[in-house]
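Peer 1: Structure below; questions to follow.
Read the figures in this text as sums done on the coordinates, not as results from a lab. On a predicted model such as this, the values are computed, not experimentally measured, just so you know.
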Amino acid sequence: MAEKRSALLIVDVQKDFCPGGALAAPEGDRVVRPLNRYIDQAVAHGWPIYASRDWHPPVTRHFRQYGGEWPVHCVEHTAGAEFHPGLRLPPSTIVVSKGQSPEKPGYSAFEGYTPAGRTLGDDLRERQIEHLYVGGIATDYCVKHSVLDARRAGLDVTVLADAIAGVDVQPGDSARALEQMRAAGAEVKPQTS
Ligand code: VGL
């Protein structure tokens, strides 16, 4: 049987989500090394690579001072919104920007747009992608929402468990998020607990 057409989605590996950033996942930078290996594999297979980024306007209801739950982070065109400098994204990477609405948090990469103005879902359909491999930050927010949307879109999903990091506002949030992803039919690999 022919192998399913696959793609790699790297979610929000941005400076603000790494230690020293405005909304750091405590181990955010630890995803960089395994993701670079997954990038190499995707390149070797000729798979498209998507990298989503939180790309907020300076004023959004996502931020605490405007009624939301988070400190200011990943404001468009600022240093904190840059990808982690250690992440070796090839030039062919398709950047998916999300969170641009001042009204909505934009957790899921499926709410984002490519530079060509296509949604991630449309871009994946156009390339006939059937299987999405997902890593990045944060397990309990943007990774989770992206994975659940990918499943709703009918894609096979593998969560790259050695290349994700959570915020864990409440202890156990990331573990619960993984359970939700599994319950939605995502494969979590390598096996954690
Ligand atoms: C994220 C919290 C707030 C994420 C974004 O990228 O997972 N988490 N905004």
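Peer 1: Compute the Rg to Rh ratio over region 38-148 from the alpha carbon atoms, using the Kirkwood formula for Rh, and round to two decimal places.
Peer 2: Details: Rg = 14.3 Å, Rh = 14.8 Å.
Computed over Cα atoms, the ratio is 0.97.
Peer 1: Relative to 2.2 N^0.38 Å, what does the C-alpha radius of gyration of the chain come to as a ratio? Two decimals please. Walk me through the numbers before you get to the answer.
Peer 2: Values: Rg = 15.4 Å, N = 193, 2.2 N^0.38 = 16.3 Å.
In units of the 2.2 N^0.38 Å rule of thumb, it is 0.95.
Peer 1: Could you give me D for region 65-107, from Stokes-Einstein at 20 °C and 1.002 mPa s, where the hydrodynamic radius is the Kirkwood radius over C-alpha pairs? Units µm² s⁻¹, please. Let's see the in-between values first.
Peer 2: On the way: Rh = 12.5 Å.
Approximately 171 µm²/s, per Stokes-Einstein.
Peer 1: Give the average over all directions of the projected area of the C-alpha convex hull of region 108-154, one decimal, in nm².
Peer 2: Directional mean of the projected Cα hull area for region 108-154 stands at 3.2 nm².
Peer 1: Per residue, what volume in Å³ does the convex hull of the Cα atoms of region 92-173 enclose? Can you show the working numbers first?
Peer 2: Working: hull volume 8.8 nm³, N = 82.
Measuring per residue, one finds 108 Å³ for the Cα hull of region 92-173.
Peer 1: Cut-off under 28 Å on the C-alpha distance; same-chain residues fewer than 8 positions from residue 4 excluded. Which lysines are left, in chain and number order?
Peer 2: 98, 144, 189
Peer 1: Let me ask you something else. May I ask for the equivalent-ellipsoid semi-axes of region 48-87, computed as the square root of five times each C-alpha gyration tensor eigenvalue and listed largest first in whole Å?
Peer 2: Its equivalent ellipsoid spans semi-axes of 23, 11, 8 Å.
Peer 1: Antiparallel versus total DSSP beta bridges in region 6-189: what percent is that, nearest 5? Let's see the in-between values first.
Peer 2: Values: 3 of 29 bridges.
Once the DSSP bridges in region 6-189 are tallied, antiparallel ones form about 10 percent.
Peer 1: A follow-up question, please. Run down the aspartates and glutamates and flag those whose C-alpha is under 20 Å from the C-alpha of residue 15, throwing out any fewer than 8 positions away in its chain.
Peer 2: 27, 29, 54, 69, 76, 82, 140, 162, 168
Peer 1: A further question on this structure: Across region 29-38, in residue order, what do the Karplus-derived ³J(HN,Hα) couplings come to in whole Hz, using 6.51 cos²θ - 1.76 cosθ + 1.60 with θ = phi - 60° and x for Gly and Pro?
Peer 2: Whole-Hz 3J(HN,Hα) from phi for region 29-38: 6, 6, 7, 5, 4, x, 5, 4, 5, 5.
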